Amino acid sequence: MEDIKDCSIIKIKDSVDLFLNDDHYLMVYYMNTRQRKSFRINDSMVNLLQTIDGKKSVKEIVDIMLNEHEVEEEQTRSVIEMLYSHKILTPVMTEQSFLTAEEVDRYTRQINYFSEFSGSEIDGLKAQKKLFDSHIAVFGCGAVGGNIAVQLAMAGVGSFTLYDDDFVEVSDAARHIYYDENSIGEKKVNALKRELLSINSKINVETVDNYMHPDSDVNSIITDSDFIINTLDEPYIGYTSAKISRLCVKHNKPHYIAGGFDAHLASTGELIIPYITPCVECYASHFKVALKDWKPKKHPVIDRFRDIGGLASMSLFSSSFASIEIVKYLTGITDINQSFKIRGEFLFHDMSLKYLNLRKDPDCKVCGKGAPE
């Protein structure tokens, strides 16, 4: 059996719940993914499941089933292989060099979650190690960008570059997770850095206190990072996204243009994998066509407050959605090239999520046939 040897100690995965239905069916509930499966079962299989206790090796289990329950060796091995292929069983780790015991203890529930998407606990450890080794650049440290950084730090990302020139204001109390009354008037990059280090003092955090100008050179930040996030809304989110995304595509860097801006306060944003997903230019082309007949109406109120109204929960939705997609990409627990999502809008009035009907433009001048060689 692939990945399971006679000496392998096996157990039922921690994230899998088993129960009998009418004594004829084994019901399998995958708690992390909410999937369910059912199998016809007999007394021999019940005895096998009771024998698999996380302490016995495959060889010991096979011998017990033969000597105590008169089940042939080939049959026992076949059932073990079937249970393993359905991600119900996993080898118990005896030794591993990926993480320290302290790291395993800290991220045990997360590793458990990752393992359910893969074949074994060791794959969950490998996924966690990928987060430790990742360097993330975050352009824009406001409610969404800062919240994404905090969640990725909690997930175990090991290195950040934070780019922003803004200050913490009293109004940030309603939206910023890292808000602290003592940090009012402080640079956001410094306040966010302190928050990340309070989560994990081993994180490496670099800060760049700059405003994004047309001639701002961010090439080195992008090339030195494994993944780039943009939530920078000054001078304008469309401009900063175009500038950053084009550089990311040029250097073949995956990136995320996060939501939470202007009228899109509960937008999912979009994951962009160069030459796989639509890029920023593909989105711009889509909106150019979709909105070609749209004209803004004159607003009846002349003097309006400069900011769009919203709730902290909207920013948290955008940042949490983005964080999940980013973690999925960094860990490789799913084939994100096939399962990536187009930008969506979460509508609070009916709690629905509406995705754009958009495809990658094959003639795109940035990522398609129209791109320069």
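None of the figures in this text is laboratory data; all of them are computed from the coordinates on show. Since the structure is predicted, the reported quantities are computational estimates derived from the model, not experimental observations. Positions of Cβ are backbone-derived with ideal geometry, glycine not excepted, and every protein chain shown enters the neighbour counts.
Among 108-115, 13-20, 145-152, how do they line up by average Cβ neighbours within 10 Å per residue, starting with the highest?
Peptide ranking by packing, descending: 145-152, 108-115, 13-20.
If you project the alpha carbons of region 10-91 onto the principal axes, what extent comes out on each, in Å, largest first?
Sorted from largest, the Cα extents of region 10-91 read 37, 28, 17 Å.
Could you size up the charge dipole of the chain around its Cα centre, putting +1 on the beta carbon of Lys and Arg and -1 on that of Asp and Glu, and report it in debye to the nearest 20?
Working: 42 positive and 55 negative charges, 306 e Å.
My answer is approximately 1460 debye.
Expected output is a single nm value to one decimal: the length gained when fully extending between residue 324 and residue 171, i.e. 0.36 nm times separation in residues minus the C-alpha distance. What is it?
52.4 nm
Which order, highest average first, do 40-46, 154-160, 243-249 follow once you tally other Cβ atoms within 10 Å for each residue and take the mean per peptide?
Output ranking for 40-46, 154-160, 243-249: 243-249, 154-160, 40-46.
Once both labels are modelled 7 Å past Cα along the beta-carbon direction, what's the residue 293-residue 220 spacing in nm?
That separation, rounded to one decimal, is 5.1 nm.
From zero up to wherever the largest Cα-Cα distance of the chain sits, split into 10 Å bins and tell me the percent of pairs in each.
All Cα pairs considered, the percentages come to 5, 20, 26, 21, 15, 10, 4, 1, 0.
Between region 16-76 and region 176-240, what is the C-alpha centre distance in whole Å?
About 51 Å separates the Cα centre of region 16-76 from the one of region 176-240.
Taking only C-alpha pairs under 8 Å that are 6+ residues apart, what is the relative contact order of the chain in percent?
Relative contact order comes out at 13 percent.
At 0.36 nm per residue, minus the direct Cα-Cα distance, what do residue 133 and residue 350 gain on full extension? Give it in nm, one decimal, please.
Working: separation 217, 0.36 × 217 = 78.12 nm, distance 3.99 nm.
Result for the pair: 74.1 nm of gain on full extension.
Holding the Cα-Cα limit at 18 Å, pick out from 253/328; 328/369; 187/253; 188/328 the pairs that are longer than that.
In this structure, 328/369; 187/253; 188/328 exceed 18 Å between Cα atoms.
On a full-extension model of 0.36 nm per residue, what is the gain between residue 18 and residue 92, subtracting their alpha-carbon distance, rounded to one decimal in nm?
Going from the current span to full extension adds 24.8 nm.
Rounded to the nearest 0.05, what FRET efficiency do residue 313 and residue 201 give with R0 = 41 Å and r taken as the Cβ-Cβ distance? Could you check?
The computed FRET efficiency comes out at 0.85.
Among 90, 331, 33, determine the one that fluctuates most according to a GNM of the chain built with springs between C-alpha atoms less than 10 Å apart.
Fluctuation is largest for 33.
Helix 280-290 versus the longest principal axis of the chain: what angle, 0 to 90°, nearest 10, using Cα atoms?
70
Which net charge results for the neighbourhood of residue 185, defined as the other residues with beta-carbon distances under 13 angstrom from its beta-carbon, given Lys and Arg at +1 and Asp and Glu at -1?
-4
Would you mind working out the magnitude of the charge dipole of region 10-91 relative to its Cα centre, with +1 at each Lys and Arg C-beta and -1 at each Asp and Glu C-beta, to the nearest 20 Debye? Present the calculation step by step, with values, prior to reporting the outcome.
On the way: 11 positive and 14 negative charges, 129 e Å.
Dipole size: approximately 620 debye.
For 84, 163, what's the fewest-to-most ordering of other Cβ within 10 Å of each Cβ?
By the 10 Å Cβ count, ascending: 84, 163.
Taking neighbour counts of Cβ atoms within 10 Å as a proxy for exposure, in what order, fewest first, do 292, 188 appear? List each step's numbers first, then the result.
Details: 292 7, 188 25.
The most exposed by this proxy come first: 292, 188.
Just want the ordering: 53, 180, 23, from fewest to most Cβ atoms lying within 10 Å of their own Cβ.
Neighbour counts put them in this order, fewest first: 23, 53, 180.
Count charges around residue 201 for me, please; just the other residues with Cβ under 14 Å from its Cβ, Lys/Arg as +1, Asp/Glu as -1. Kindly include the intermediate steps, with their values, before the conclusion.
Values: positive: 106, 193, 194, 202; negative: 102, 103, 195.
Residues near residue 201 contribute +1 overall.
Once a ≥ b ≥ c are taken as the square roots of the eigenvalues of the Cα gyration tensor of region 133-355, is the result rounded (a/c under 1.5), prolate (a/b larger than b/c) or oblate (a/b not larger than b/c)? Display every interim value, and only then the final one.
Working: a/c = 1.43, a/b = 1.11, b/c = 1.29.
In terms of gyration-tensor shape, rounded.
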